[in-house]
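The values are calculated or read from the model by the stated rules, or taken from the named source; none is laboratory data. It should be emphasised that the depicted structure is a prediction, and the values quoted were computed from it without experimental measurement. The area values use the complete protein model at the heavy-atom level, side chains included, leaving out ligands, DNA and RNA. Shrake-Rupley method; radii C 1.70, N 1.55, O 1.52, S 1.80 Å.
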Amino acid sequence: MEVQAVRGWNRKWLRIARLLGLIATAAATPVIQAAEDPLIMGVFPRLNAGETTKRYAPLARYLSERLGRKVTLVTSKDFDSFWNGVTDQRYDIVHYNQYHYIRSARAYRVIAHQQEFGKNAVGGALFVRKDAGITRISQLRGRTIIFGGGKDAMLSYIAPRFLLMQAGLKEGDFKSEFAVNPPNALLALYHKQADAAGGGDILIDLPVVRNAINTQELTVLATTEPLLFLPWAVKRSMPAKLRESVQSVMVGLERNEAGRKVLNAAKATGMGKAEDKDYNPHRKMTTAVFGREGIAR
């Protein structure tokens, strides 16, 4: 009887052990699945969805191969839907402009900056026609200035507005117009549809501009210090090891042929490391233009 009782007791504990094992397995399953979920990469819609996919899908594939984890590119139909994705932290990896990063820095950590036109940093500038006789920013009082983007455009609006403020011109001291994109702002200036144009200081040298107008008739009136170019960031909740791996892959794109093809597809000339303090000059300008909250109205 005692032997049977012992065997019965053992069988009972064996069943309990198996049950506990099943519970532990079930509890661990979501963790394992979560680790295998794809990383979502968002890119701000400065281009249409088709062009964004063409430029950045190769980077998503390259990251997937190097990280051993799928990276999925998500495009947005407009800026509002993209920004909702940022505020809801739906993107694990995100590419946007400097102003966007500053606004989202509590949730995202910058890891890299994209190099374009062979430059790591670009100044914001004010352009005028040479025949206009404008040699000082103060002469723009009461004039029309066309900016190469909306109020969230770092180089095409915020930086030029900072230059105007440094010269004592507030928003009501001039008339603001907005072009669809930076090159169109210079074209409007050239055709005398405005007295000045705001944009990155490299605009005047871009082939799309040089092929459309005689840039010798335009000149840079003033420019800011060079500002580090477009950032790449990851969610602050991303594990440090994974964040470092993503950064290493991105800044190493120039080191092999496959990586250089990815850069070419993105119309980029390189990637460099970046950290939060690199965007303090941008913060200074944003606060000066929009106030302490730093939000475009």
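Quick notes on this structure:
- The computed Cα Rg over 2.2 N^0.38 Å for the structure shown corresponds, within (i) 1.04; (ii) 1.59; (iii) 1.37, to (iii).
- If the chain linking Asp78 and Arg236 were pulled fully straight, counting 0.36 nm for each residue of separation and taking away their Cα-Cα distance, it would gain 54.4 nm.
- When Ser245, Ser76 are compared by accessible area at a 1.4 angstrom probe, the order from most to least is Ser245, Ser76.
- Per residue, the solvent-accessible area of the chain (1.4 Å probe, heavy atoms of protein chains only, all protein chains present) comes to 52 Å².
- The chain, accessible surface, carbon-and-sulfur percent (1.4 angstrom probe): 52
- Solvent-accessible surface ranking, highest first, for His191, His95 at 1.4 angstrom: His191, His95
- Surface calculation, 1.4 Å probe, protein heavy atoms: Val180 sits at approximately 130 Å² accessible.
- Computed with a 1.4 Å probe over protein heavy atoms only, the accessible area of Glu257 comes to about 120 Å².
- Hydrodynamic estimate: the Kirkwood radius of segment 175-255 over Cα pairs, inserted into Stokes-Einstein at 25 °C and 0.890 mPa s, corresponds to D of 155 µm²/s.
- A quarter of the convex hull surface defined by the alpha-carbon atoms of segment 38-98 gives 4.0 nm² as the mean projection.
- Annotation: Lys54 carries an accessible surface of approximately 140 Å², with a 1.4 Å probe and no ligand, DNA or RNA atoms counted.
- Structure-based [θ]222 nm, the chain - -39500 (n - 2.57) summed over DSSP H runs of at least 4, per residue, nearest 500: -13000 deg cm²/dmol
- The P(r) of segment 77-204 has a tail past 21 Å containing 45 percent of all C-alpha pairs.
- Approximate shape of segment 153-297 as ellipsoid semi-axes (Cα gyration tensor, √5λ), whole Å, largest first: 32, 23, 11
- The 1.4 Å probe gives accessible areas that order Asp88, Asp201, largest first, as Asp88, Asp201.
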